[in-house]
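Some notes on the structure that comes next.
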Amino acid sequence: MILAGDIGGTNSRLALFDDELTAVKQTVTKNKGRDSFGPIVREFLDQCGDLRRQVDRACFGVAGPVAEGQVTLTNLKWHLDEAALSRELGIRKVALINDMLAHAEGVERLRPEHVVMLNEGEHRHGGNRAIIAAGTGLGEAGLFWDAKIDGYRGFASEGGHCDFGPRSDQEVALLQFLQKQKGIRNVSWESVLSGPGLRNIYDFLIAPEQLGPGAGLPNPDPPPADVTQAAMQGSNRAAVAAMEMFIHFYGAEAGNLALKLLAIGGMYLGGGIVTHILDKLRGPAFLQSFRDKGPDKLRPLLQSIPVYVINFDLNGLYGAANYARRM
């Protein structure tokens, strides 16, 4: 029996899986007010009755950089250690992996109903795959074919923190705005391609030299969700313009990642934002930016890459279980 977890800044999703990766019990717990992770897991295991004794391995995908079996979560004060969790939970094998590695591992378990196709492309068996996920931050990861297991293995990256690359006068002005007005010394792709990134773009557009403050929402300090909602409803021109730039950036950085990893096996879009902006992603702007790279000879390669949106909230949880199955 496998214990798997997807641990974010807000919630801890936990589940028990059998060896065929069928979930037999799962729960979601709010992390707010909890001092540590171990008691949350013990409470869940106590609810599992006799199944608890069958758990022989566990894997937790966590939002933070994992090194030597330890991690301090990015949005929580929790410090997790594989060896300490193994002793505390009485589980022989425990692994901590980056949450984007968990999402990459989850790609292997996706069913047709869990994805929405943006570009059919050409299906190349064994070709590298990539996943990019904009949410609270920007996550990027890849998958490679491993003949020894006759399947894919995921690997994590911190590509979302790579330098933002503006390509037009307006985008250069956005870069300068983020450096000077927002005080972001190193403007990364996450600075423009995430929930806070969407708000950064919106703030830039309502500056006097752009659309001006009169183009903004009535709320002078709108959360990214409100900007998204107004953009999808077409009820505010600054929000609409911000979303247009956001979609362009999503396509541009997805294309960058596809080239870096030579992801001819497929590009997957995940994270908490994509399902809310699916209609925009289906438009021509995303794929145009995705393909608009380098020499013209590269465009047929990018056109041939299948592109999917992941429409499955539990992808990271199933990915952690998939990783644990091979431990």
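The values are calculated or read from the model by the stated rules, or taken from the named source; none is laboratory data. Computed from a predicted structure; not experimentally measured. Here the Cβ positions follow ideal geometry from the backbone for every residue, glycine too, while neighbour counts run over all protein chains shown.
For (1) in contact with a His (Cβ under 8 Å, 6 or more places away or on another chain); (2) of a type in the set (A, V, I, L, M, F, W, C); (3) assigned to a loop (DSSP other than H, G, I, E, B), each residue gets a yes or a no:
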{"residue": "12", "(1), (2), (3)": "no, no, no"}
{"residue": "15", "(1), (2), (3)": "no, yes, no"}
{"residue": "35", "(1), (2), (3)": "no, no, yes"}
{"residue": "43", "(1), (2), (3)": "no, no, no"}
{"residue": "60", "(1), (2), (3)": "no, yes, no"}
> Only one of (1) polar (S, T, N, Q); (2) touching a helix residue (DSSP H, G or I) at 6+ places or on another chain (Cβ under 6 Å); (3) surrounded by fewer than 16 Cβ atoms within 10 Å (Cβ to Cβ) is not met by residue 289, so which one is it?
Replying inline: (3)
> What do you reckon, is residue 89 in contact with a helix residue (DSSP H, G or I) (Cβ under 7 Å, 6 or more places away or on another chain) and not assigned by TED's automatic domain parsing to the domain that holds residue 288?
Replying inline: yes
> Out of segment 186-209, which residues are of a type in the set (Ser, Thr, Tyr) and out of contact with any Gly (no Cβ under 6 Å at 6 or more places or on another chain)?
Replying inline: 188, 202
> Of the residues in segment 182-203, how many are aromatic (Phe, Trp, Tyr) and more than 14 Å from residue 245 (Cβ to Cβ)?
Replying inline: 0
>> If I ask for residues that are over 12 Å from residue 62 (Cβ atoms) and either surrounded by 15 or more Cβ atoms within 10 Å (Cβ to Cβ) or β-branched (Val, Ile, Thr) (or both), which ones from segment 5-24 would you list?
In response: 10, 14, 15, 16, 17, 21, 22, 23, 24
> Does segment 281-309 hold any residues that are within 20 Å of residue 231 (Cβ to Cβ) and over 18 Å from the mean Cα position of the chain (by Cα), and which are they?
Replying inline: 282, 283, 284, 285, 287, 288, 289
>> Can you say whether residue 117 is farther than 23 Å from residue 325 by Cβ and of a type outside the set (Lys, Arg), as far as the supplied structure shows?
In response: yes
> Based on what the data block shows, is residue 226 buried (at least 16 other Cβ atoms within 10 Å of the Cβ), at pLDDT 95 or above and acidic (Asp, Glu)?
Replying inline: yes
